[in-house]
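Encoded as structure tokens, the structure appears first; notes follow it.
The values are calculated or read from the model by the stated rules, or taken from the named source; none is laboratory data. This one's a predicted model, so the numbers in the text were calculated from it and none came from an experiment. No Cβ is skipped: glycine too gets one built from the backbone with ideal geometry, and neighbour counts run over all protein chains shown. Accessible surface areas use protein heavy atoms only, side chains included; no ligands, DNA or RNA. Shrake-Rupley method; radii C 1.70, N 1.55, O 1.52, S 1.80 Å.
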Amino acid sequence: MKHETFNLSTRDDQPDCADCVRQYFGAHRDALWHVARLLGGYEAARNVGRLAEDLERQAPISRRTKRLLEDLLDLLQLKNVSDPDRVEMGYFAVIDPSDPVVEEICILTDGLAQVIDEMRAQECDLGHESHAQRGAA
């Protein structure tokens, strides 16, 4: 597993709440790419690459990047594997439940969900703080 460091400074007027996501991606980018390819094909894997690039360049991250994060989490959480109109159904069908990759998918899913929740909590906290500051002014 390749470890990368995301160094991105934020602008003073816009706090960045995605550091936890950047750190997670830095530590697990290759593994996320491989499981995305396994569960959603090469387009899903390319989206992981796009997501990693966006995380490297953006502070704070854009709505598009947040959407890519949500899409990746949905993929890892197998949200669409029962939909016959989605490619995920076919990819999921060929995975042997006893394959060790299943455990890796679970671990990556839990980790990604945790850092997305942390990011949301920080955004929520900052939203409450800025609202309170505006009210006090």
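Looking at this structure, is Asp85 more than 13 Å from Ala36 (Cβ to Cβ), open to solvent by 30 Å² or more (accessible area, probe 1.4 Å), without any contact (Cβ under 8 Å) to a residue 12 or more places away in the chain and not in a helix (DSSP H, G or I)?
Here the answer is yes, as Asp85 does meet what is asked.
When you go through Gly26, Gly41 one by one, which is the residue that is over 23 Å from Arg120 (Cβ atoms), of a type in the set (Gly, Ala, Ser) and outside any loop (DSSP other than H, G, I, E, B)?
When all the criteria are applied, what remains is Gly41.
Scanning region 44-69 for residues that are touching a residue at least 12 places away in the same chain (Cβ under 8 Å) and among the acidic types (Asp, Glu), which turns out least open to solvent (accessible area, probe 1.4 Å)? Break it down into steps so the answer makes sense when it comes.
So in region 44-69, the residues touching a residue at least 12 places away in the same chain (Cβ under 8 Å) come out as 44-45, 47-52, 54-61, 65, 68-69.
Pick out the ones that are also among the acidic types (Asp, Glu) and you get 54, 56.
Details: Asp54: 7, Glu56: 73 Å².
So, considering only residues that are touching a residue at least 12 places away in the same chain (Cβ under 8 Å) and among the acidic types (Asp, Glu), the one least open to solvent (accessible area, probe 1.4 Å) is Asp54.
Hey, any hits in region 28-38 for a residue that's at pLDDT 95 or above, touching a Gly at 6+ places or on another chain (Cβ under 8 Å) and of a type outside the set (A, V, I, L, M)?
Within region 28-38 (the criterion being at pLDDT 95 or above, touching a Gly at 6+ places or on another chain (Cβ under 8 Å) and of a type outside the set (A, V, I, L, M)), the answer is yes, since at least one residue qualifies.
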